[in-house]
Amino acid sequence: MSNIIRLLPDHVANQIAAGEVVQRPASVVKELIENAVDAGATEIKLILKEAGKTLIQVIDNGKGMSETDARMAFERHATSKISTAEDLFALQTKGFRGEALASIAAIAHVELKTCLKQAELGTHVVIEGSKVVSQEVAVVPEGTSFSVKNLFFNIPARRNFLKSDTVEFRHIVDEFERVALVHHNIHFILLHNGSEVFNLPASNLRQRIVNVFGGKTNEKLVPVKENTDIVTVEGFVGKPEYAKKSRGEQFFFVNDRFIKSGYLHHAVLSAYEGLLKEGVHPTYFIYLNLPPDTIDINIHPTKTEVKFDDEQALYSILRSAVKHSLGQFNVTAALDFQR
Ligand code: ADP
Ligand code: MG
């Protein structure tokens with residue numbers, strides 16, 4: 001009997017992995033911006049055409065890459081961010097899988113220009129569908145620029161599945177905001193079809209939230225702060241009287257990553273008990289910090305879900321922290337007065 005099992009060629013494996021990592025233009029934006037953050041950039045510029053369908057470019061002033069790394073970066077499971085399994089329990093970076101660039105390069109036309117700090121010459125790499133078209137030495141600014149064009153050029157089904165520019169752009173803005181709301185020390189710029197949508201100078205957290213969501217946000221926000229062995233809680237919750245019909249501005253971040261959690265959402269809501277009118281949703285920006293070995297963020301490639309060791313304690317601490325803030329700022333009385 002003959003043997004029939006073989007290893008898939010890299011470009012096929014990459015294309016399969018890409019299906020998980022890259023759902024839409026917004027996924028590319030997330031990965032590229034997070035890489036720029038990990039590279040220590042103080043300024044990150046996102047340039048889009050047609051909601052990323054024709055162009056997604058991310059330019060950073062981070063540490064750049066060497067000539068060899070500029071090529072290695074596109075290999076699957078190639079990463080500078082972890083080297084042992086233990087590192088997974090002490091992550092300091094957004095990335096760690098070493099999958100994003102390999103995946104993106106498998107399903108798009110990618111151009112990378114990168115230059116290490118104070119180096120005279122940098123590197124220019126062009127990759128299309130996992131194949132290196134060219135790599136040459138070039139004069140490029142310090143930092144890194146990735147341009148991604150013709151996303152899903154070799155996966156027509158995915159391309160056809162893309163929604164309108166309005167919808168795809170909304171997804172991109174969501175990802176952009178999530179990173180910008182954590183890294184308030186970084187200057188972020190977003191240009192879409194030639195016009196500036198965001199220009200967020202480096203600032204403190206409160207100012208960043210206001211810059212993202214508009215000047216009126218400032219008066220809504222009540223600070224939250226709590227410090228325990230299990231978790232530190234920081235951020236802002238919205239005064240109950242500003243709660244809205246639409247459920248937009250609700251954010252949890254755990255160790256500097258945006259996450260979703262129905263359980264923690266419930267903890268916050270329960271702190272508003274008796275304070276909200278029927279059918280409205282409070283605003284919140286909650287930043288949790290936990291010892292890395294008490295959480296697991298490795299459960300999904302897009303990493304918006306987290307497993308906590310002690311979920312119940314977290315629930316109670318969060319609930320009481322929010323309750324305390326709402327009470328301290330006397331919002332209860334303000335609402336009673338209105339009734
Ligand atoms: P990961 O972020 O999980 O390590 P990626 O595929 O996103 O995997 O990136 C692979 C590697 O390429 C990174 O580990 C990093 O060393 C390098 N890299 C990617 N983007 C940048 C950038 N903007 N600046 C400097 N290095 C980068
Ligand atoms: Mg990455």
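Among the candidates ALA51, ALA41, ALA78, ALA70, which residue alone is under 25 Å from ARG159 (Cα atoms) and either surrounded by 15 or more Cβ atoms within 10 Å (Cβ to Cβ) or within 13 Å of ligand 1 (Cβ to nearest atom) (or both)? Don't jump to the end; show me each part of the working.
Working: ALA41 fails: under 25 Å from ARG159 (Cα atoms); ALA78 fails: under 25 Å from ARG159 (Cα atoms); ALA70 fails: under 25 Å from ARG159 (Cα atoms).
From the options ALA51, ALA41, ALA78, ALA70, the qualifying one is ALA51.
Candidates ILE44, ILE16: the one that is out of contact with any Pro (no Cβ under 9 Å at 6 or more places or on another chain), among the β-branched types (Val, Ile, Thr) and farther than 26 Å from SER203 by Cα is ILE16. Summed over the range 18-38, residues that are closer than 12 Å to ALA51 by Cα and near ligand 1 (Cβ under 9 Å from one of its atoms) total 0. Within the range 228-278, if we keep just the residues that are in contact with a His (Cβ under 9 Å, 6 or more places away or on another chain) and surrounded by fewer than 18 Cβ atoms within 10 Å (Cβ to Cβ), the residue that is modelled with the lowest pLDDT turns out to be GLY248. Taking the numbered list (1) touching a Cys at 6+ places or on another chain (Cβ under 8 Å); (2) part of a loop (DSSP other than H, G, I, E, B); (3) within 12 Å of ligand 1 (Cβ to nearest atom) in turn, THR93 passes all entries but (1).
When the range 81-106 is filtered for residues that are surrounded by fewer than 17 Cβ atoms within 10 Å (Cβ to Cβ) and closer than 20 Å to VAL22 by Cα, only THR93 remains.
Note on the range 28-38: residues that are buried (at least 24 other Cβ atoms within 10 Å of the Cβ) and closer than 12 Å to THR144 by Cβ amount to 3.
Within the range 107-137, the set of residues being under 16 Å from GLU20 (Cα atoms) and either touching an Asp or Glu at 6+ places or on another chain (Cβ under 9 Å) or hydroxyl-bearing (Ser, Thr, Tyr) (or both) comprises ALA108 only.
In the condition set (1) over 30 Å from GLY52 (Cα atoms); (2) outside any loop (DSSP other than H, G, I, E, B), ILE230 is compliant with all but (2). Exactly one residue among ILE56, ILE44 is of a type in the set (Val, Ile, Thr), under 23 Å from GLN92 (Cβ atoms), within 16 Å of ligand 2 (Cβ to nearest atom) and within 22 Å of the chain's Cα centre (by Cα), and that residue is ILE44.
Condition check for PHE74 on (1) at pLDDT 90 or above; (2) in a helix (DSSP H, G or I); (3) within 15 Å of ligand 2 (Cβ to nearest atom): one failure, at (2).
For the range 56-64, does any single residue satisfy the condition of being at pLDDT 85 or above and away from ligand 1 (no atom under 11 Å from the Cβ)? Yes: one or more hits.
Restricting attention to the range 194-227, and to residues there that are of a type in the set (D, E, K, R) and either assigned to a strand (DSSP E or B) or out of contact with any helix residue (DSSP H, G or I) (no Cβ under 6 Å at 6 or more places or on another chain) (or both), which single residue is modelled with the lowest pLDDT?
Taking the candidates together, the pick is LYS216.
With respect to being of a type in the set (A, V, I, L, M, F, W, C), touching a residue at least 24 places away in the same chain (Cβ under 8 Å) and closer than 16 Å to VAL179 by Cα, VAL29 fits the description. Within the range 279-289, take every residue that is part of a loop (DSSP other than H, G, I, E, B) and touching a strand residue (DSSP E or B) at 6+ places or on another chain (Cβ under 8 Å) and give me the one that is surrounded by the fewest Cβ atoms within 10 Å (Cβ to Cβ). So the residue we want is VAL280.
Residues of the range 109-128 that are within 15 Å of ligand 2 (Cβ to nearest atom) and in contact (Cβ under 8 Å) with a residue 40 or more places away in the chain: LEU112, THR114.
The values are calculated or read from the model by the stated rules, or taken from the named source; none is laboratory data. Because the structure is predicted, anything quoted here is derived from the model rather than measured. Backbone-built Cβ (ideal geometry, glycine too); neighbour counts: all protein chains shown.
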